[in-house]
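A quick write-up on the structure given underneath.
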Amino acid sequence: MADRKARVERNTLETQITVSLNLDGSGKSDFDTGVPFLEHMMEQIARHGLIDLEVKAKGDLQIDDHHTVEDIGITLGQALAQAVGDKKGIVRYGHSYVPLDEALSRVVIDLSGRPGLTLEVPYKRSMVGGFDVDLFEEFFRGFVNHAMVTLHIDNLRGTNTHHQIETVFKAFGRALRMAVETDARAADAMPSTKGSL
């Protein structure tokens with residue numbers, strides 16, 4: 001099997017971002033984005049997805065975190081699409097339930113070739129530290145639109161907003177890990193009756 005790695009750069013007037021990932025990694029991560037809470041969450045993706053992930057970003061944080069968070073999602077999506085290649089022999093679907101104390105989230109992903117996001121997270125507060133939690137929808141929307149995946153995210157319960165978000169990202173990492181796994185019984189088969197994804 002070819003190396004399932006990618007390195008993508010995205011440069012705009014608002015942000016300069018580089019994402020490197022290895023789908024067959026061990027969960028190593030390295031971040032320099034200026035957005036510490038997002039880095040903490042992306043560490044969950046890497047660790048629980050067993051994806052080596054490096055993200056470097058310079059953005060207009062003097063305005064707010066919006067452009068940086070959204071554009072990291074976009075670039076991560078582009079990198080995933082590049083790394084997964086033609087999708088032959090992969091499982092395609094992934095799902096995970098993850099608890100953290102009182103919080104529980106479910107994430108289901110389909111590497112469908114069709115972008116779609118359904119996100120139901122009833123945050124108990126709007127900020128965690130200085131981070132606006134609404135930006136996570138922008139992160140995931142940017143990701144699905146450029147990875148071309150269908151993603152369902154549901155926080156089923158939780159009273160601590162940090163816990164709610166962390167369960168989402170851990171479940172996302174584990175669901176993604178399942179979806180990109182190679183299926184020994186499918187080998188070079190396309191996981192679709194259409195013959196392409």
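Any read-out appearing in this document is the output of simple, stated calculations on the displayed coordinates, not a laboratory observation. Small disclaimer: the values here were computed from a predicted structure and weren't measured.
Assorted remarks:
- For the chain, the longest principal axis of the alpha carbon atoms and the long axis of helix 135-147 meet at an angle near 20°.
- Shape metrics for region 5-180, restricted to C-alpha atoms - Rg then Dmax, Å: 14.8, 45
- Residues with amide H under 5 Å from that of Val133, placed H, sequence gap 5 or more: Met127, Val128
- In terms of its C-alpha gyration tensor, region 105-197 comes out prolate, because a/c is 1.5 or above and the ratio a/b outweighs b/c.
- The lysines whose alpha-carbon is closer than 28 Å to the alpha-carbon of Lys170, local same-chain residues fewer than 8 away aside, are Lys5, Lys28, Lys56, Lys58, Lys87, Lys88, Lys124.
- The mean sequence separation of alpha-carbon pairs under 8 Å and at least six residues apart, normalised by the residue count of region 5-180, gives a relative contact order of 28 percent.
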